[in-house]
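A quick write-up on the structure given underneath.
Quick note: the coordinates plus some simple rules give every number you see, no bench work behind them. Note that the structure is predicted; figures quoted are calculated from it, not measured. All Cβ positions, even for glycine, are placed from backbone atoms using ideal geometry, and neighbour counts span all protein chains on display.
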Amino acid sequence: AQSVSQHNHHVILSEAASLELGCNYSYGGTVNLFWYVQYPGQHLQLLLKYFSGDPLVKGIKGFEAEFIKSKFSFNLRKPSVQWSDTAEYFCAVMPSTGGFKTIFGAGTRLFVKA
Amino acid sequence: GAVVSQHPSWVICKSGTSVKIECRSLDFQATTMFWYRQFPKQSLMLMATSNEGSKATYEQGVEKDKFLINHASLTLSTLTVTSAHPEDSSFYICSAQGGRTSYEQYFGPGTRLTVT
């Protein structure tokens with residue numbers, strides 16, 4: 001069965017620290033990849049996406065993610081986090097076959113200390 | 001940007017009653033809408049995929065007779081929780097596919113259902 005694994009359930013960082021959130025998926029075919037963010041009390045928002053082309057994608061608010069096909073990974077990074085990045089982050093995978101169905105990881109709660 | 005609304009945002013109902021939740025794409029036509037359920041501190045679990053004008057496709061383990069989905073137009077999908085029980089209490093989120101990039105999903109703010 002297709003699945004998405006996020007390695008860290010909770011991450012606590014100080015402001016200006018670097019962030020990397022791991023995401024691995026299990027699916028052998030072509031995929032579209034996403035990171036979504038859910039700020040406290042708000043709904044899910046798209047952070048960045050990968051469909052094809054350059055495997056290093058840049059999203060909003062200084063986030064980026066790298067698709068490594070051989071490792072089935074799509075890790076999220078930010079060089080210097082801010083207090084306002086406190087949120088829950090979800091990695092999601094949309095297999096190219098499957099009618100746009102998206103599979104979400106369990107989420108990672110990030111808390112940034114001011 | 002693409003906006004998806006849900007109504008109501010919060011509902012409390014008694015056990016045995018039915019509750020209808022609406023999901024609307026406000027500024028684009030959504031060919032496909034998805035319904036998710038999110039338990040506290042857990043990820044989104046896809047319940048069903050709804051295509052305008054056709055029957056919804058339910059995920060394994062989701063009772064289609066309990067969670068009725070209707071996608072009557074390109075901007076509206078409804079989820080009706082029939083004969084609700086306390087274990088149906090959850091956060092229900094819809095998303096709509098469409099807009100400028102068909103692969104993107106735009107999420108509604110969610111509906112918190114509490115069954116007493």
Got a sec? Which residues in region A:42-56 would a label at A:Ser80 touch, if it sits 7 Å along Cα→Cβ and we count backbone N under 15 Å? none
Here the cysteines of the protein assembly as shown without any disulfide-compatible Cβ partner under 4.7 Å are B:Cys13
Ignore the peptide's own chain and count Cβ atoms of other chains within 10 Å of each Cβ in B:104-112; give me the average, rounded. 4
May I ask you to order A:10-23, B:53-66, A:80-93 by the average number of other C-beta atoms within 10 Å around their residues, highest value first? A:80-93, A:10-23, B:53-66
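Across peptide A:100-109, what mean number of C-beta atoms from other chains lies inside 10 Å of a residue's C-beta?
Taking the mean over all residues of the peptide, I get 5.
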Values of log10 I(q)/I(0), in the order q = 0.15, 0.16 Å⁻¹, for chain B under a Debye, Cα-only, solvent-free model: -0.59, -0.67
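Please report, in debye to the nearest 20, how large the charge dipole of region B:35-103 is about its Cα centre when each Lys and Arg carries +1 at its beta carbon and each Asp and Glu carries -1 there.
On the way: 6 positive and 6 negative charges, 42 e Å.
Charge dipole of region B:35-103: 200 debye, to the nearest 20.
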So which aspartates and glutamates can A:Lys113 reach, going by Cα to Cα under 18 Å and dropping same-chain residues fewer than 8 places off? A:Glu15, A:Glu20, A:Asp85, A:Glu88
